[in-house]
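**Student:** Sharing a structure here in structure tokens format.
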Amino acid sequence: MSAIRLFFALWPSPPLAASLAERAQAARLHSGGRVMRTETLHLTLAFLGPVEAQVADALAAATPDRCVPPGELALDRYGVFKRQRILWAGPREAGPREAGLDEAEPHPPDPHQSKPHRPEPQNAPAALQAIHDGLWHWLAGYGLTAPPQPFRPHVTLLRNIERDDPPPPPPDPLIWRYDRLVLVASESQTGGSRYRIVAQSRPLSP
């Protein structure tokens, strides 16, 4: 059997997904581009890529016992991935960030200039970062390796945007209350991808 493209994610409740879809429609007036389908909105915790069927089956069987502490996440900013032409919604960084840094992708260093010290930006709230790190530590037991890029939690709202600046002003916070993660298969189809929830973790008992 061929490999299956998988990722772990937080999946929004229907009311939250509807609110995110409304934000996407409003942001499109500024940014242009294609609005993501409501049923595809999610926050990726770990993108695994193509996974052999045997490993995929093992992950699906083990996911229900991969409990996560319940928490809240405030989606209160827009950001842009310029190269991918994506507009996203996400939380403000938990740590310091120098004003004026590119919201999308870091510029390559200039070898002819000295590099000033800058604090490493914290791209995720601590609780969510801990879930991400613990998830990849667990996945290492299945022979899967975390990507080198820092974790930046976000929900893609628009693709193929026409502007590289986020819409002003910052959005009012949307509160995402989560208590589980989902394992999702990404299946190619005409016009894009279809996401199928393969398994989900059980909420922690009160």
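Since every read-out is calculated from the coordinates, none of them should be taken as a lab result. A quick note: this is a predicted structure, and the numbers were derived from the prediction, not measured.
**Student:** Spelling out what I want: for every residue of segment 171-183, take phi, set θ = phi - 60°, compute 6.51 cos²θ - 1.76 cosθ + 1.60 (Karplus), and round to whole Hz; glycine and proline get x.
**Tutor:** In residue order, the calculated couplings are x, 4, x, 9, 8, 9, 9, 10, 9, 7, 10, 10, 9 Hz.
**Student:** Through the Karplus equation 6.51 cos²θ - 1.76 cosθ + 1.60, θ set to phi - 60°, convert the phi angles of segment 43-49 into ³J(HN,Hα) values in whole Hz; use x for Gly and Pro.
**Tutor:** 10, 6, 9, 7, 8, 8, x
**Student:** On to the next question. Can you give me the long-range amide H partners of His154? Hydrogens built in the peptide plane at 1.01 Å from N, cutoff under 5 Å, separation of 5 or more residues or another chain.
**Tutor:** Sorted by chain and number, the residues that satisfy this are Thr44.
**Student:** Further question on the same structure: Non-local amide H neighbours of Gly33 (under 5 Å, H modeled in plane, Pro and chain starts lacking H): which ones?
**Tutor:** Here the answer is Glu162, since their amide H atoms fall under 5 Å of that of Gly33.
**Student:** Where the centroid of each part is defined by its Cα atoms, how far is segment 31-61 from segment 148-206 in Å?
**Tutor:** 9
**Student:** Let me ask something else. Using only the Cα atoms of segment 1-93, build the gyration tensor, take square roots of its eigenvalues as a ≥ b ≥ c, and label the shape rounded, prolate or oblate: rounded if a/c is under 1.5, else prolate if a/b is larger than b/c, else oblate.
**Tutor:** prolate
**Student:** Would you kindly derive the ³J(HN,Hα) couplings of segment 145-152 from the backbone phi angles with the Karplus curve 6.51 cos²θ - 1.76 cosθ + 1.60 (θ = phi - 60°), listing them in order in whole Hz, with x for Gly and Pro?
**Tutor:** Along segment 145-152, the couplings run 10, 5, x, x, 6, x, 6, 10 Hz.
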